[in-house]
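Trainee: Take a look at this one; I'll ask things after.
Derivation of every value follows stated rules applied to the coordinates shown; laboratory data play no part. Quick caveat, the model's predicted, so the values are computed rather than measured. Note: ideal-geometry Cβ built from the backbone for every residue, glycine included; neighbour counts use all protein chains shown.
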Amino acid sequence: MSLRVHGIQSCDTCRKARKWLVDAGLEHQWIELRESRPSRADVERWLDAVGPDVLVNRRSTTWRSLPEADRPGVESPGVVDLLVQHPTLIKRPLFERDGEFRAGFGDAQRRWLLEG
């Protein structure tokens, strides 16, 4: 079992998640979204797994700074290009383990991480 964590170093939630993973003794590989931008295939796979309502972080500073005309509906095909172009719009952290994905860092994600 290999746990990969996609996130942004400056994100408070990502920092909390990484600390929690270390404290829980869970080995993981960190993938910095700004340095290792996701491919279209990655984004499509994540959208299929967690859904656009979860994956697109409409509370992010990046989303709020986009002109209204540049904000496609989360169900539209343009959302893939938007997430590839602006990886900071991806809900973080994004956990990947054995082909399964979870976005965010709440109780449900912690339980899922501990089950693995």
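Residues checked against (1) in a loop (DSSP other than H, G, I, E, B); (2) surrounded by fewer than 15 Cβ atoms within 10 Å (Cβ to Cβ); (3) in contact (Cβ under 8 Å) with a residue 12 or more places away in the chain; (4) within 12 Å of the chain's Cα centre (by Cα):
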{"site": "His6", "(1), (2), (3), (4)": "no, no, yes, yes"}
{"site": "Gln9", "(1), (2), (3), (4)": "yes, yes, yes, no"}
{"site": "Gly25", "(1), (2), (3), (4)": "yes, yes, no, no"}
{"site": "Pro38", "(1), (2), (3), (4)": "yes, no, yes, yes"}
{"site": "Val43", "(1), (2), (3), (4)": "no, no, yes, yes"}
{"site": "Leu47", "(1), (2), (3), (4)": "no, no, yes, yes"}
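Trainee: Spot the failing condition for Arg102; the list is (1) under 13 Å from the mean Cα position of the chain (by Cα); (2) within 19 Å of Thr13 (Cα to Cα); (3) in a helix (DSSP H, G or I), and only one is missed.
Mentor: (3) is the only condition that Arg102 fails.
Trainee: From (1) of a type in the set (Gly, Ala, Ser); (2) surrounded by 15 or more Cβ atoms within 10 Å (Cβ to Cβ); (3) in a loop (DSSP other than H, G, I, E, B), pick out the condition that doesn't hold for Ala17.
Mentor: Looking at each condition in turn, Ala17 falls short on (3).
Trainee: Any chance the range 55-71 includes a residue that's surrounded by 15 or more Cβ atoms within 10 Å (Cβ to Cβ), in contact with a strand residue (DSSP E or B) (Cβ under 9 Å, 6 or more places away or on another chain), in contact (Cβ under 8 Å) with a residue 12 or more places away in the chain and in a strand (DSSP E or B)?
Mentor: Yes, there is a match, as at least one residue in the range 55-71 is surrounded by 15 or more Cβ atoms within 10 Å (Cβ to Cβ), in contact with a strand residue (DSSP E or B) (Cβ under 9 Å, 6 or more places away or on another chain), in contact (Cβ under 8 Å) with a residue 12 or more places away in the chain and in a strand (DSSP E or B).
Trainee: Mind checking which residues of the range 81-97 are among the aliphatic types (A, V, I, L, M), buried (at least 19 other Cβ atoms within 10 Å of the Cβ) and in a helix (DSSP H, G or I)? So that I can check it myself, show each step before the final result.
Mentor: Applying the first criterion (among the aliphatic types (A, V, I, L, M)) to the range 81-97 yields 82-84, 89-90, 94.
Next cut, buried (at least 19 other Cβ atoms within 10 Å of the Cβ) only: 82-83, 89-90, 94.
Hits for the range 81-97 are Leu82, Leu83, Leu89.
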